[in-house]
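What follows is a set of notes on a single structure, which appears directly below.
The values are calculated or read from the model by the stated rules, or taken from the named source; none is laboratory data. Nothing here was measured: the structure is a model prediction, and the numbers come from that model. Please note: Cβ atoms are built from the backbone with ideal geometry, for glycine as well, and neighbour counts cover all protein chains shown.
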Amino acid sequence: MTDKLRETYKEEAYELLAELETSLLELEENPGNLDLIGRVFRAMHTIKGSGAMFGFDDIAAFTHEVETVFDLVRNGKLGATKELIDLTLAARDQIRAMLDASDGDGSVDTAVSETIVAGLKKLTPAPDKIQIEAPISPQKQDAKESTAGEHAAEITYRIRFKPSPELFINGTNPIPLLNELRDLGPSRVVAHTDAIPVLEDLNPEICCTYWDIILTTDKGIDAIKDVFIFVDDSVELKIEVIDQGWSEGEAGDYKKLGQILTERGDVRPEDIASILGRQKRLGELLVDAGVAKPGQVASALVEQQHVKEIREKRQTVESAASIRVPSERLDSMVNLVGELVTVQARLTQASALRKDPELAAIAEEVERLSSDLRDKTMSIRMLQIGSTFSKFKRLVRDLSKELGKEIELTTSGAETELDKTVIEKLNDPLVHLIRNCIDHGIESPEEREKEGKPRIGNVHLSAVHSGASVLIDIADDGKGLDAGTIRAKAIEKGLVAADAALSEKELFSLILAPGFSTAKTVTSVSGRGVGMDVVKRAIDELRGSIEISSWSGQGSTITLKLPLTLAIIEGLLVRLENNFFVLPLSSVEECVELTREDSDRTHSRNMANVRGQIVPYIRLREQFMVPGEPPAIEQIVIVRVDGNRVGFVVDNVIGEHQTVIKTLGRAYRDVQGISGATILGDGTVALILDTAHLVASAKLQEQALVM
């Protein structure tokens, strides 16, 4: 049990260290943010307290020193300086090293810990020099909390906005004011129109309306008052807190209607008491008795419903629990779901052969359930890519410092989800690409100023869903790729002929070749020509593709196209003689027929005219040396590879097939053009085609024939 508890602590500590690093990097940009300071302190405090509990005494003692300093920062006695952030990041790395070495696999350099502690003590002022900040006024505290970010409490306010009748004459329009309130958070607005006279008596220059607004916001009461700052002298404004923003001990229901009306001063308590004995609804009774106006009752009902919904939403969020499950169990579950999908395919095929209506109905139900189970299981493995993006802020910070450059990392699409296996294998390629952007792409601050650019360079990471794939862009605003230098280097290495006609896209893709580098000097960061080769192999293993764009003097963008999951895909099942193959359905655009007459008209140049567009195609019979004669009418499956339309000629197309991917054995690991295999309903094995590799292989064969 003790070992399990220690492992649980280590898992939580690693997560806390990741959060700590993110918080510190954000704090470096916003040193006065109280919320970030609190997050850093809480992470340190948890690591220390739990460490002492589970026998990690060295970690607890070391973390205590850092926590002590941040306690001073939290209490306003010390500033969150860059030097303090540097030391705390170093302390974070040292704690991680201690965790890594806790199993006895390595040792920790205690001198590093001593150096960090000494540095922290130098930053700590002597006790007699510590100045405690004056207490913060409630208004200022409210303003600070309103800027504390997403963790500020959401408070619900009741606002009565009653303008003077001369509001319109003064040139004020109340509608923009109400819209400004709506921008602060979820709100309900009720207009009181009881005082509007009949049309014959209406003066359009007189404001006869007032409003009740129920607003839930984390911006604070000052933000509400600021909306009315320019009309303060011509309106009657009343702001009350009706829900404090916590749910502990509160019920989902809100105050009764009579209580709301009484609090507002719209109805006297004795009127409520005299009405309650009757049979109608309270609101109707109050209106019938003439003690409340319809607009007042409607406004109170809106408030009641708004607060009830806000509380229910908050309780739902706070009651949502998460559990920690070992990744091995998830992997095992996905494998079992994969086997279930295979069995379901067998059942569907068996029911079709037997033509038994009852069995067909059962097979259809099993197919629906297995499909739902597959989707739910795959969603459990999906993680937001933002957790990976946030790791690179530290990388950019440290490399910028090492290379003497000023670079910031920006991100978008952090909420985009990918299978955890894909995310885990994506880390190393992204590290190489970001390092290349910083070292080769972005210029020094002095060079950027000469070019009329800002001193601070930018590396931007973005992710977006695109069908069954995710597109990840790594962009920089540096000097861009030099096409002439790349071409000269490629000719020197014998990668291309001197007179070869290459498009810009083909030329840029040469930097992915093994050992290729245009760097004049080898640095500790890059220049040996191995990084981009690593990226290419890693993305190929993920069944993804790489596209490179660059503009001289403006920067470069590398786009990674990756599948959402590596376990189960939708495929198109095709046949060659008695052999079955699967093409990923996400890349398939259409299927057309190919007759022998069509082939003869192009003189066997493997080109098809599809509605006036020439599409090259690859004969899979020839590619895989399948014996036998092809049928008189073949099928061309047209797919899109690297932005180009390419066809694959097969005997016939069977149809869509839910494909459970099985890895090939070690003996077939290096077979080109095949990314895996799947088992069909009758037990037959179908190979999954790697369309990008097949197209690349066909191009190489064509170039070899030309040479």
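Does the range 601-618 include one or more residues that are part of a strand (DSSP E or B) and either more than 26 Å from A501 (Cβ to Cβ) or modelled with pLDDT under 80 (or both)? Looking for residues that are part of a strand (DSSP E or B) and either more than 26 Å from A501 (Cβ to Cβ) or modelled with pLDDT under 80 (or both), one finds none in the range 601-618, hence no. Do we have Q658 as touching an Asp or Glu at 6+ places or on another chain (Cβ under 8 Å) and either modelled with pLDDT of 85 or more or surrounded by fewer than 17 Cβ atoms within 10 Å (Cβ to Cβ) (or both) here? The answer is no for Q658. Residue count for the range 355-410, restricted to those that are over 25 Å from L426 (Cα atoms) and not assigned by TED's automatic domain parsing to the domain that holds L426: 19. For the range 360-382, which residues satisfy the criterion of being among the hydrophobic types (A, V, I, L, M, F, W, C) and in contact (Cβ under 8 Å) with a residue 12 or more places away in the chain? Listed by number, the residues that qualify are I362, A363, V366, L373, M378, I380, M382. Would you check if there is a residue in the range 661-680 being modelled with pLDDT of 75 or more, aliphatic (A, V, I, L, M), part of a helix (DSSP H, G or I) and not assigned by TED's automatic domain parsing to the domain that holds V366? Scanning the range 661-680 turns up no residue that is modelled with pLDDT of 75 or more, aliphatic (A, V, I, L, M), part of a helix (DSSP H, G or I) and not assigned by TED's automatic domain parsing to the domain that holds V366.
Of all the residues in the range 179-236, those that are small (G, A, S) and touching a strand residue (DSSP E or B) at 6+ places or on another chain (Cβ under 6 Å) number 3.
Restricting to the range 215-245, count the residues that are surrounded by 15 or more Cβ atoms within 10 Å (Cβ to Cβ), free of Cβ contacts under 8 Å to residues at least 60 places away in the same chain and either not aliphatic (A, V, I, L, M) or not in a helix (DSSP H, G or I) (or both).
Initially, the range 215-245 is screened for residues surrounded by 15 or more Cβ atoms within 10 Å (Cβ to Cβ), giving 215-221, 223-224, 227-228, 231, 234-235, 237, 239, 242-243, 245.
From what is left, the residues that are free of Cβ contacts under 8 Å to residues at least 60 places away in the same chain are 215, 227.
Restricting the remaining residues to those that are either not aliphatic (A, V, I, L, M) or not in a helix (DSSP H, G or I) (or both) gives 215.
The total comes to 1.
Hey, any hits in the range 140-158 for a residue that's of a type in the set (S, T, Y), within 24 Å of A292 (Cβ to Cβ), at pLDDT 85 or above and buried (at least 18 other Cβ atoms within 10 Å of the Cβ)? Yes, the range 140-158 contains a residue that is of a type in the set (S, T, Y), within 24 Å of A292 (Cβ to Cβ), at pLDDT 85 or above and buried (at least 18 other Cβ atoms within 10 Å of the Cβ). Would you please name the residue that is farthest from R394 (Cα to Cα), looking only at residues in the range 1-30 that are of a type in the set (D, E) and in contact (Cβ under 8 Å) with a residue 40 or more places away in the chain? Here the answer is E11.
Would you confirm whether any residue within the range 560-572 is farther than 29 Å from V337 by Cβ, part of a strand (DSSP E or B) and either not assigned by TED's automatic domain parsing to the domain that holds V534 or not aromatic (F, W, Y) (or both)? No. Restricting the first member to the range 327-349 and to residues that are in a helix (DSSP H, G or I), and the second to residues that are modelled with pLDDT of 80 or more and among the β-branched types (V, I, T), the beta-carbon pairs closer than 7 Å and six or more apart or on different chains are L330/I380; M333/T377; V334/T377; V337/T377; Q344/V366; L347/V366. Scan the range 280-295 and tell me whether some residue there is at pLDDT below 80 and basic (K, R). Within the range 280-295, one or more residues are at pLDDT below 80 and basic (K, R).
For the range 1-55, which positions are among the charged types (D, E, K, R), over 22 Å from I85 (Cβ atoms) and more than 27 Å from the chain's Cα centre (by Cα)?
Taking the range 1-55 and keeping what is among the charged types (D, E, K, R), we get 3-4, 6-7, 10-12, 15, 19, 21, 26, 28-29, 35, 39, 42, 48.
When the remaining residues are screened for being over 22 Å from I85 (Cβ atoms), the result is 3-4, 6-7, 10-12.
Passing the criteria: D3, K4, R6, E7.
Could you tell me whether the range 426-436 includes any residue that is touching a Pro at 6+ places or on another chain (Cβ under 9 Å), surrounded by fewer than 16 Cβ atoms within 10 Å (Cβ to Cβ), under 24 Å from G555 (Cα atoms) and not assigned by TED's automatic domain parsing to the domain that holds E21? Checked against the condition, which is being touching a Pro at 6+ places or on another chain (Cβ under 9 Å), surrounded by fewer than 16 Cβ atoms within 10 Å (Cβ to Cβ), under 24 Å from G555 (Cα atoms) and not assigned by TED's automatic domain parsing to the domain that holds E21, the range 426-436 yields no hits at all. When Y157 is tested against the conditions (1) in contact (Cβ under 8 Å) with a residue 12 or more places away in the chain; (2) over 42 Å from the mean Cα position of the chain (by Cα), the lone failure is (2). Considering only residues in the range 369-403 that are among the basic types (K, R) and within 24 Å of the chain's Cα centre (by Cα), the one that is nearest to H440 (Cα to Cα) turns out to be R397. Residues in the range 177-208 that are over 34 Å from the mean Cα position of the chain (by Cα) and either on the phi > 0 side of the Ramachandran plot or free of Cβ contacts under 8 Å to residues at least 24 places away in the same chain (or both): A195, I196, P197, V198, L199, E200, D201, L202, N203.
I'd like the full set of residues that are in a loop (DSSP other than H, G, I, E, B) and either closer than 15 Å to L237 by Cβ or not acidic (D, E) (or both), limited to the range 177-195.
Within the range 177-195, the subset in a loop (DSSP other than H, G, I, E, B) is 184-186, 193-195.
Passing the criteria: L184, G185, P186, T193, A195.
In the range 78-127, of all residues being of a type in the set (S, T, Y) and surrounded by fewer than 13 Cβ atoms within 10 Å (Cβ to Cβ), the one that is modelled with the lowest pLDDT corresponds to S107. Among the residues making up the range 621-637, those that are closer than 8 Å to V649 by Cα and touching a residue at least 60 places away in the same chain (Cβ under 8 Å) are Q635, V637.
Going through L383, L418 one at a time, which residue ends up being among the hydrophobic types (A, V, I, L, M, F, W, C), surrounded by fewer than 18 Cβ atoms within 10 Å (Cβ to Cβ) and closer than 20 Å to E541 by Cβ?
On the way: L418 fails: surrounded by fewer than 18 Cβ atoms within 10 Å (Cβ to Cβ).
Every option except L383 fails the conditions.
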